[in-house]
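The values are calculated or read from the model by the stated rules, or taken from the named source; none is laboratory data. All of these numbers come straight from a predicted model, not from anything done at the bench. With ideal geometry, Cβ positions are generated from the backbone for all residues, glycine too; neighbour counts draw on all protein chains shown.
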Amino acid sequence: MFDSLVELFKGLAGASEETRLFPDGDYRVAAAALLVHLVSVDGVIEKSEQDVLRKTLKARFDLSDEETADLIRIAGERDNEAVDLYNFTSVLKRELDEDGRAQIIEMMWELVLADGHIHEFEDNLVWRVSELLGVSRRDRIRLRQSVQAQKDTH
């Protein structure tokens, strides 16, 4: 009942369409913020990385082009506001099961490998997020190899 009252007040206050689509605490925003952070962690944002970011988020979360652009913008804002990774990983750990958390790591590897090489900062970020999400070292490596194999066959 409390949630319905909150929604009512948000509606009366004129909550925007995007806050209804991506409300506070939405795991998609947390995942996208980690991916946005990952794309920029090596100091160079390649077009290939931007393209993979858009394609990955659109496909994984079944979004339109406009929704994907909104998600990336919101995620960028959240990433700029963040002081650490914990805010994002805590949402993901709370909202996703083990398979869902592994899919986040898989998405990260898709981005890391988008430009054809693994930068040490990117590798370190995937490692830290994996640890925070409770994804094992073995699974993290298996996911990297799987994404690499898919990339090599295309």
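Within the group V39, V83, V91, which residue is closer than 20 Å to V112 by Cα and either touching a helix residue (DSSP H, G or I) at 6+ places or on another chain (Cβ under 9 Å) or not in a helix (DSSP H, G or I) (or both)?
Working: V83 fails: closer than 20 Å to V112 by Cα; V91 fails: closer than 20 Å to V112 by Cα.
Selected residue: V39, the only one of V39, V83, V91 that is closer than 20 Å to V112 by Cα and either touching a helix residue (DSSP H, G or I) at 6+ places or on another chain (Cβ under 9 Å) or not in a helix (DSSP H, G or I) (or both).
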Where a residue in region 41-67 is at negative phi and its partner, wherever it lies, is polar (S, T, N, Q), with Cβ under 7 Å and at least six apart: R54/T68; L57/T68; K58/T68
Qualifying positions in region 105-127 - surrounded by 13 or more Cβ atoms within 10 Å (Cβ to Cβ) and touching a Ser or Thr at 6+ places or on another chain (Cβ under 9 Å): I105, E106, M107, M108, W109, E110, L111, A114, D115
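Quick grid of which residues meet (1) over 17 Å from L57 (Cα atoms); (2) part of a helix (DSSP H, G or I); (3) touching a Leu at 6+ places or on another chain (Cβ under 7 Å):
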residue	(1), (2), (3)
E77	no, yes, no
R101	no, yes, yes
M107	no, yes, yes
D123	yes, yes, no
W127	yes, yes, no
V147	no, yes, yes
D152	yes, yes, no
Residue match in region 78-92 (condition: buried (at least 19 other Cβ atoms within 10 Å of the Cβ), over 20 Å from R144 (Cα atoms) and among the acidic types (D, E)): yes
Subset tally (residues that are over 12 Å from the mean Cα position of the chain (by Cα) and either surrounded by 14 or more Cβ atoms within 10 Å (Cβ to Cβ) or outside any helix (DSSP H, G or I) (or both)) for region 53-67: 4
Test: residue in region 122-140 that is touching a Lys or Arg at 6+ places or on another chain (Cβ under 6 Å) and of a type outside the set (A, V, I, L, M, F, W, C): yes
Any hit, region 14-29, residues being in contact with a Lys or Arg (Cβ under 9 Å, 6 or more places away or on another chain), surrounded by 12 or more Cβ atoms within 10 Å (Cβ to Cβ), modelled with pLDDT of 95 or more and assigned to a loop (DSSP other than H, G, I, E, B): no
